[in-house]
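K.L.:
Before I ask anything, let me first share the structure, which is written out below as structure tokens.
The values are calculated or read from the model by the stated rules, or taken from the named source; none is laboratory data. Everything numeric here is computed off the predicted structure, so don't read it as measured data. Please note: Cβ atoms are built from the backbone with ideal geometry, for glycine as well, and neighbour counts cover all protein chains shown. Calculation scope for accessible area: heavy atoms of the full protein, side chains included, ligands and nucleic acids excluded. Shrake-Rupley method; radii C 1.70, N 1.55, O 1.52, S 1.80 Å.
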Amino acid sequence: MNKTILAMIAATATAACTSTPDRHSSKLCDAEATAAATELYDMMTRSAEHGVMLGHQDDLSYGVGWVDTGTRRSDVRDVCGDYPALFGWDLGQIECADSVRNLDGVEFCRMRDNIRFVHRQGGINAFSWHPRNPLTGGDSWDVSSDEVVASIISGGELHEAYMAWLDRAADFLLSLTDDRGEPIPVIFRPYHEMSGSWFWWGAKLCRTEDYKTLWRETIDHLRSRGVHNIIVAYSMADYTDEEEFAERYPGDDYVDIVGFDIYQYGTAEEFLAQMKTKSETAAAFARSHGKIWAVCECGYEGIPQSDWFTEVLAQYICGTGCSHALLWRNAHDREGHFYASYPSHSSAEDMRRLASRDDVLMLGGYNSLKTSLRR
Ligand code: BMA
């Protein structure tokens, strides 16, 4: 972190951000949250006032043209000279008995090792979850039945079986221990993009009330299993106003971070118009509910515009009180499916520029900020 950021911290009073909640109202929704989770959430609330943390999905697991061999390689670090502050992982397939790898081929034991590394380095770990379809046996994207959610909530014929899936997720979350054996705090972002209808839990695939029940029963079940190291994130797909944003919201007792997933598919203008609506709405909702807000997933597949990071993405993630923005994965096994830059790509210089902004926190910047805030 450079001097400018430190000066900004000193001038916090003048740099007050309108879109972060009153710090004192920001406490975790879990009354029994671990001290480490509580401290992390508090730090995230405060860091959002100073900059946005950059995140990357599967950053240490693989990148364009390589897979993890234990060297902690990272496309983001290769380009920017520093790791992202936040690391995304996906739990998909943890629900299957004796599952060794997640849906993208990442071995859960390697994931755990990398999560411990991230934690030791002072970074933040965040989970999404693409569970298989418990009714049809298909994957998350199997939307052939609109009975799935009803079948797994209380009273549904698969309720008990689904609780066993949650048990496997709980076991994994509890296995993420630090050097002292304490559970590492992580962001947990289940049943995401719920306003869309491409996952079995999507808007047209279940009743709104059943969705909320599924969410609450999931969190309650994890808590009953002793999982108190999670910071829960609610991440919408598209919406146009606060009413839509709130429609499937399971309640303040079940959510800590609100936000959305957003990808550019068309023009930059279209993307920016969506960013504006979605970020302003999420920020307003976060403010009135005492939560923090984030861009939980984002990107432009293949980064066809070489200055996209600074000219487009930065516009609504910087200076808006956004806690973090997670770029999606750099697939090693799917040509052109990457969202962070890599050294030989035409966007590398621009991603470096984004990472060096005073109001963008990479891992080093986040660590320096924590040190200053703790003083
Ligand atoms: C999607 C794509 C898929 C991947 C899934 C879960 O957006 O990247 O290839 O399997 O996420 O990570």
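K.L.:
Near Lys278, which lysines are there with a Cα under 23 Å away, not counting those fewer than 8 places off in the same chain?
P.N.:
Excluding near neighbours in sequence, the set is Lys204, Lys212, Lys291.
K.L.:
Right, next: List, in order, the whole-Hz ³J(HN,Hα) value for each residue of region 352-368 obtained from phi through the Karplus relation with A = 6.51, B = -1.76, C = 1.60 and θ = phi - 60°; use x for Gly and Pro.
P.N.:
Couplings: 4, 5, 4, 5, 8, 5, 5, 9, 10, 9, 8, 4, x, x, 5, 5, 5 Hz.
K.L.:
So what is the accessible area of region 3-374 per residue, in Å², with the probe set to 1.4 Å?
P.N.:
Working: 13970 Å² over 372 residues.
About 38 Å² of surface per residue is accessible.
K.L.:
Contour minus end-to-end for Ser154 and Glu107, with contour as 0.36 nm per residue of separation and end-to-end as the Cα-Cα distance?
P.N.:
Taking Ser154 through Glu107 to full extension adds about 13.7 nm, to one decimal.
K.L.:
From the P(r) of region 3-374, can you give the percent of Cα pairs sitting at distances over 32 Å?
P.N.:
Values: 18435 of 69006 pairs.
For region 3-374, the fraction of Cα-Cα distances above 32 Å is 27 percent.
K.L.:
Given the Cα-Cα distance of Arg334 and Gln121 and 0.36 nm per residue of separation, how much length would full extension add, in nm?
P.N.:
Net length gain for the segment: 73.7 nm.
K.L.:
Relative to the present Cα-Cα distance, how much length would full extension add between Thr136 and Asp171 at 0.36 nm per residue of separation?
P.N.:
Separation in residues times 0.36 nm, less the Cα-Cα distance, equals 10.2 nm.
K.L.:
Could you work out the helix-only [θ] at 222 nm for the chain, with each DSSP H run of four or more residues adding -39,500 (n - 2.57) and the total divided by the number of residues, to the nearest 500 deg cm²/dmol?
P.N.:
Values: 12 runs with 130 residues, N = 375.
Helix contribution divided over all residues of the chain: -10500 deg cm²/dmol.
K.L.:
What is the P(r) of region 32-126, as percent of Cα-Cα pairs per 5 Å bin from 0?
P.N.:
Histogramming region 32-126 at 5 Å steps yields 2, 12, 21, 23, 18, 13, 8, 2, 0 percent.
K.L.:
Which percent, nearest 5, of DSSP beta bridges in the chain are antiparallel?
P.N.:
Among the beta bridges of the chain, antiparallel pairing accounts for roughly 15 percent.
K.L.:
Please list, ordered by chain and number, the residues whose modelled amide H lies under 5 Å from the amide H of Arg225; skip anything fewer than 5 residues away on the same chain.
P.N.:
Long-range HN contacts for Arg225: none found.
K.L.:
Contact order normalised by length for the chain, with contacts defined as Cα pairs under 8 Å and 6 or more residues apart; what percent is it?
P.N.:
Details: 751 pairs, mean separation 96.9, N = 375.
Reported relative contact order: 26 percent.
K.L.:
Tell me the angle of helix 159-174 to the major Cα principal axis of the chain, expressed in degrees between 0 and 90 and rounded to the nearest ten.
P.N.:
That helix lies at roughly 30 degrees to the long axis.
K.L.:
Relative to the longest principal Cα axis of the chain, at what angle does helix 268-289 sit, 0 to 90 degrees, rounded to 10?
P.N.:
70 degrees
K.L.:
So, one more: Between Tyr265 and Trp198, how high is the FRET efficiency from 1/(1 + (r/R0)^6) when r is the Cβ-Cβ distance and R₀ = 22 Å? Nearest 0.05.
P.N.:
Numbers: r = 14 Å, r/R0 = 0.62.
According to the calculation, E is roughly 0.95.
K.L.:
Still on this structure: Go ahead and set up a Gaussian network model of the chain, Cα springs under 10 Å, then flag whichever of Thr34, Thr281, Thr71 fluctuates most.
P.N.:
Thr71
K.L.:
Now a separate question. Carbon and sulfur together cover what percent of the accessible area of the chain at a 1.4 Å probe radius?
P.N.:
Carbon and sulfur: 47 percent of the exposed surface of the chain.
K.L.:
Turning to a different aspect of this structure: For the chain, set up a GNM with springs between Cα atoms under 10 Å and report which of Gly65, Gly137, Gly105 has the largest fluctuation.
P.N.:
Gly137
K.L.:
Further question on the same structure: Hey, with R₀ at 35 Å, roughly what FRET efficiency would Asp178 and Cys96 work out to, going by the Cβ-Cβ distance, to 0.05? If you can, show how the numbers build up before the last one.
P.N.:
Values: r = 27 Å, r/R0 = 0.77.
After rounding, the FRET efficiency stands at 0.85.
K.L.:
I'd like the orientation of helix 208-224 relative to the chain: the angle between its Cα long axis and the longest Cα principal axis, in ° from 0 to 90, rounded to 10.
P.N.:
That works out to roughly 80 degrees.
K.L.:
OK, next. About its Cα centre, what dipole magnitude does the chain give when the only charges are +1 on Lys and Arg Cβ and -1 on Asp and Glu Cβ, stated in debye to the nearest 20? Let's see the in-between values first.
P.N.:
Numbers: 35 positive and 57 negative charges, 292 e Å.
I would put it at about 1400 debye.
K.L.:
Zone of Arg216 (label point 7 Å along Cα→Cβ, backbone N under 17 Å): which residues in region 26-41?
P.N.:
Output list for this probe position: 29-31.
K.L.:
Just grab the label-to-label distance for Ala273 and Trp66, each label 7 Å out from Cα along the Cβ direction, in nm (one decimal).
P.N.:
The modelled label-to-label distance comes out at 4.1 nm.
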